[in-house]
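Here is the structure we will look at.
Bear in mind these aren't lab numbers, they're just calculated from the coordinates by the rules spelled out. Keep in mind that what you see is a predicted model, and the values were worked out from it rather than measured. Please note: Cβ atoms are built from the backbone with ideal geometry, for glycine as well, and neighbour counts cover all protein chains shown.
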Amino acid sequence: MSAWQHTLGVDHYFIVSTVLFVIGLWGMMINRRQIIFMMLCMELSMLAVILNFAAFAHFKSDLFGHVAGLFILTVAAAEAAIGLALIVALFRLSDGNIRVEDMNTLKDSDKREEHKTS
Amino acid sequence: MFQQADYIALLPEIIVASGALFLLLKGVFARTETPTSSHMHAVLALLGAQAALIFTWQDASVAPFQALFVNDSFAQVCRSLVLVGTAIILVLAHHPERRVKSYDMEFNVLMLLAALGMMIMVSAANFLVLYLGMELQALCLYVLVAIRRARLRCVEAGMKFFMLGGIASLLFLYGISVFYGLSGSLSYDVVAALTSDGGQHAGVALRVATLLVLSALAFKMTAAPFHVWAPDVYQGSSMRVLAFIATVSKVVGVIVFLRLLEIPLRSQLAHLETFLFALAALSMTVGSLAGLRQTDIKRLLAYSGISQMGFALIATVAWRGYGFEAVFVYMLIYFITMLGVFALLLSLARKQRQISLISDLAGLSTSHGGYALALAIFMFSLIGLPPFAGFFAKLYVFFAAIEQGHVLLVVWAALMTVVAAGYYLRIIKVMYMDTPQEGALDGRIHIDNRLIVFLTALFTVLFVLAPRRFWDVVLSLWPSALN
């Protein structure tokens, strides 16, 4: 037990946060349906970054990283508020389904013509 | 802890912020809000900030707020660029006679806050401050794009912008967290002292973090392959928001990119050459080829912006010489030309509706001969034909690259210029040779728009008289004199 405590260093935190960050990004890439899931993945990645800052700050005995974490948390809240507002606006305009694959009214002009003729 | 001088140095930012808050409060309490009054207040706040900037013009020795900001002359010029650019766009976008519900109060507040974010971005000397400025600007832009919330296209564009912008800011954040882990600080000077020699793993981490941060900025300035949001967002947003995104926001992205390469990432530049090369080559190729088939004018502007970005970035490969200065000059000329283009496009309407297709420009030469001539001048300048300003912009960039031996890239750029000339010339052809299908363009053009079109066209034409002096002024501003 005590040996384990001694070996838990900044590297381990870095690996965990990197894995969380990649899971979040990967989730945004592969998920083609729900916008809400995409926002959750975004939050996950952001929290991974905050973990990174907090861990680095702890191991360097430096306060700046904690402050940076607080700032990023605030920005994440503002971003989530705007994202949810956009989702509500999109929900009102659509037929009750907000899927990522339905967001296709904006297209290159040549593709739009193909769409019409088919 | 903080001196009075700190607050004086940030007086322009404080004026813009309090102007935005005042407008917000006024919007809550004043029941009978006329669009003109909120518009007047926003422009006054920007001009007041510009006046404060001129009166508090200081030398670079002061680094306000314990060096969280820089105050060199380059930052001052960039801040006034943001202020004046935003003010001009606010003036151009003001059409009180159009009977469209346009959320004017919210529009003005968000424009002011976005301008504030950009001013923080260009004068930041710390990655966290840069991040906060970037987010302030980006969050305002997401809302601005989707501001007409009853139109599906606007909201969809806003949503796409939000998602892709969110990914970009995540990459940036992760990059700076690695910088913090390696150096223990986020200030530009401390990060600049990092080198990739310090251990195998640290070197790799530093390089990955640098790439992540630069990718996020490449997103802001729509350089391929980070350009995918641009065509959709440009097409979905209204013309006045587009005028802001495609001019001020883009130039600010380039300025920050250049400052990061110049100061904190200077030691990395040798490793970044491939990245910059790919960014430039891909942007001009994608922008020039994909633009050829567009019929929507906003989409065409998006692709035109991507290819112009590629031409500008050629010079970053020549970082050993005068590359960055050439990029900055290129972007300044691009900025002024595009202001003229948007002053025209914002004022043209057919049956009270703003034009959206290239074919809507048909008949411009007969109904508004002077404007057709001005637009033709802007297009020639964007192609890079002598003797217009765009020619010199390309000349500086190409010379800087050739001087450092990147001849192949310049040859490819010249080829792509010819391809891109296809769509610029098509606009001229539509204006002068096609007959309009439905009615003439609306007659009256606002006096402000006329003035801006005239001035920018004059600049584009008369640049040939003093290209050397312009270049010298930019060189004297460059921040590399600092370190």
> What Kirkwood hydrodynamic radius, in Å, does segment B:124-481 give when the mean of 1/r is taken over all pairs of distinct Cα atoms and then inverted?
Replying inline: 21.0
> Once the mean 1/r over all distinct Cα pairs of segment B:321-446 is inverted, what Kirkwood radius in angstroms do you read off?
Replying inline: 15.9
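Can you give the translational diffusion coefficient of segment B:404-483 in µm²/s, computed by Stokes-Einstein from the Kirkwood radius over Cα pairs at 10 °C and 1.306 mPa s?
Taking Rh from Cα pairs, D becomes 90 µm²/s.
Using a 10 Å cut-off around each Cβ of peptide A:46-56, what is the average number of partner chain Cβ atoms that fall inside? Each step should come with its number before you reach the end.
Values: counts 5, 0, 4, 9, 2, 1, 7, 7, 1, 2, 8.
Rounded to a whole number, the mean comes out at 4.
Please report, in debye to the nearest 20, how large the charge dipole of segment B:239-367 is about its Cα centre when each Lys and Arg carries +1 at its beta carbon and each Asp and Glu carries -1 there.
Working: 11 positive and 5 negative charges, 91 e Å.
So the magnitude is around 440 debye.
For the protein assembly as shown, take N as its residue count and report Rg(C-alpha) divided by 2.2 N^0.38 Å.
Values: Rg = 23.8 Å, N = 601, 2.2 N^0.38 = 25.0 Å.
Rg over 2.2 N^0.38 Å, computed on Cα atoms: 0.95.
Taking 1 over the mean of 1/r across every pair of different Cα atoms in segment A:2-117, what Kirkwood radius in Å do you get?
Computed over Cα pairs of segment A:2-117, the Kirkwood hydrodynamic radius comes out at 17.0 Å.
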>> Whole-Hz ³J(HN,Hα) for each residue in segment B:452-457, computed from phi via Karplus 6.51 cos²θ - 1.76 cosθ + 1.60 with θ = phi - 60°, x for glycine and proline: what do you get?
In response: 5, 4, 4, 5, 5, 5
>> Under 10 Å, Cα contacts only: if you run a Gaussian network model on chain A, which one of A:GLU43, A:GLU79, A:GLU101 comes out with the highest mean-square fluctuation?
In response: A:GLU101
> Given charges of +1 on the Cβ of Lys and Arg and -1 on the Cβ of Asp and Glu, with all other atoms neutral, how large is the dipole of the protein assembly as shown about its Cα centre, in debye to the nearest 20?
Replying inline: 1460
>> I need the phi-derived Karplus couplings for segment B:7-15: 6.51 cos²θ - 1.76 cosθ + 1.60, θ = phi - 60°, integer Hz, Gly and Pro marked x.
In response: 5, 5, 5, 9, 4, x, 4, 5, 5
>> Full-extension gain between A:ASN104 and A:PHE59, please, as 0.36 nm times their residue separation minus the C-alpha to C-alpha distance.
In response: 11.5 nm
>> Taking each residue in A:86-94, count the Cβ atoms of any other chain within 10 Å of its Cβ, then average. What number comes out?
In response: 6
> Label-point separation (nm) for A:THR18 and B:ALA466, each offset 7 Å from Cα along Cα-to-Cβ?
Replying inline: 5.4
> Could you list, bin by bin from short to long, the percent of Cα-Cα pairs of segment B:145-302 in 10 Å steps?
Replying inline: 10, 36, 30, 17, 7, 0
> Among B:HIS39, A:HIS12, what is the fewest-to-most ranking by other Cβ atoms within 10 Å?
Replying inline: A:HIS12, B:HIS39
> Using modelled backbone amide H atoms (1.01 Å from N, in-plane), which distant-in-sequence or interchain residues come within less than 5 Å of B:LEU357's amide H?
Replying inline: B:ILE297
> B:VAL411 versus A:HIS66, label points 7 Å from Cα toward the beta carbon: distance in nm?
Replying inline: 6.1
>> Distance cut-off 32 Å, Cα to Cα: go down the list A:LYS107/B:LYS429; B:LYS26/B:LYS298; A:LYS107/B:LYS351 and report the pairs above it.
In response: B:LYS26/B:LYS298
> With a 10 Å Cβ neighbour count serving as the proxy for reagent exposure, in which order, fewest first, do B:GLU403, B:GLU156, B:GLU262, B:GLU438 appear?
Replying inline: B:GLU438, B:GLU403, B:GLU262, B:GLU156
> Counting other C-beta atoms within 10 Å, which of B:MET331, B:MET239 has the fewest, and how do the rest follow?
Replying inline: B:MET239, B:MET331
>> Positive end of the dipole of the protein assembly as shown, charges at C-beta (+1 Lys, Arg; -1 Asp, Glu), about the Cα centre: which of B:LEU46, B:HIS95, B:LEU110 has its Cα farthest in that direction?
In response: B:HIS95
> Using the beta-carbon distance between A:THR7 and A:LEU73 and R0 = 41 Å, what value does 1/(1 + (r/R0)^6) give for FRET efficiency, to the nearest 0.05?
Replying inline: 0.90
> In bins 10 Å wide, starting from 0, what share of all Cα pairs of segment B:220-295 does each bin hold, as a percent?
Replying inline: 16, 43, 30, 10, 1
> Average partner chain C-beta neighbours within 10 Å, per residue of B:132-139?
Replying inline: 3
> What residues qualify as long-range amide H neighbours of B:ASN126, i.e. H under 5 Å apart, gap of 5 or more or another chain, H built at 1.01 Å from N?
Replying inline: B:TYR188
